[in-house]
Amino acid sequence: QVQLVESGGGLVQPGGSLKLACAASGNIFSFNTMGWYRQAPGKQRELVADMTTGDSTNYADSVKGRFTISRDNAKITVYLQMNSLKPEDTAVYYCNLKWGGRSWLEPGDYWGQGTQVTVSS
């Protein structure tokens, strides 16, 4: 089984910064995508940013230039550096780890428990 453990959420003032971390463990396929999604009250879960083991990245337009995703493949850990935070960034942030299926491998899609990020003065 795969486990994802998130850390780094909290309360921050507008314009401040936070860094989230998510460490994965278990039976994980080497070629995968790790990323962050968020869900605000009353809204659907949305992609914030993700990154492949080959270092390809994908960002939501709303966070481009403010958030940076990175990963340590040896530690199977993904980070999200969030700068210039805005009240609209307030949400529960979820870590995700996934890989596509092969003829010899089942696809994987795993989620962390979520960490609250609140941006407020």
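The values are calculated or read from the model by the stated rules, or taken from the named source; none is laboratory data. From a predicted model like this one, the values you see are computed outputs, not experimental measurements. Using ideal geometry, Cβ is built from the backbone for each residue, glycine included, and neighbour counts are taken over all protein chains shown. Just the protein is used for accessible areas: all its heavy atoms, side chains included, with ligands, DNA and RNA removed. Shrake-Rupley method; radii C 1.70, N 1.55, O 1.52, S 1.80 Å.
Some observations on this one:
- Computed from the alpha carbon positions, the gyration tensor of the stretch 1-49 leads to an equivalent ellipsoid with semi-axes of 25, 15, 10 Å, biggest first.
- Computed over the chain, the convex hull of the alpha-carbon atoms projects to a mean area of 7.5 nm².
- Thr53-Trp111 pseudo-label distance in nm [points 7 Å out on the Cα-to-Cβ vector]: 2.4 nm
- Charge dipole of the chain about the Cα centre (unit charges at C-beta), most positive-ward option of Gly42, Pro14, Thr77: Pro14
- Relative contact order (%) - criterion: Cα under 8 Å, at least six apart; region: the chain: 35 percent
- Cut-off 20 Å, label 7 Å out along Cα→Cβ of Glu88, residues of the stretch 1-31 by amide N: 12-18
- Set of the stretch 1-17 residues, backbone N closer than 18 Å to the point 7 Å along the Cα-Cβ line of Glu46: 15
- Listed residues Trp99, Trp104, Trp36 arranged by accessible area, highest first, probe 1.4 Å: Trp104, Trp99, Trp36
- The chain, dipole about Cα centre (Lys/Arg Cβ +1, Asp/Glu Cβ -1), debye to the nearest 20: 100 debye
- Taken per residue, the accessible surface of the stretch 1-89 reaches 54 Å², heavy atoms only and a 1.4 Å probe.
- Length gained when the stretch Lys64-Val2 is fully extended (0.36 nm per residue, less Cα-Cα span): 19.4 nm
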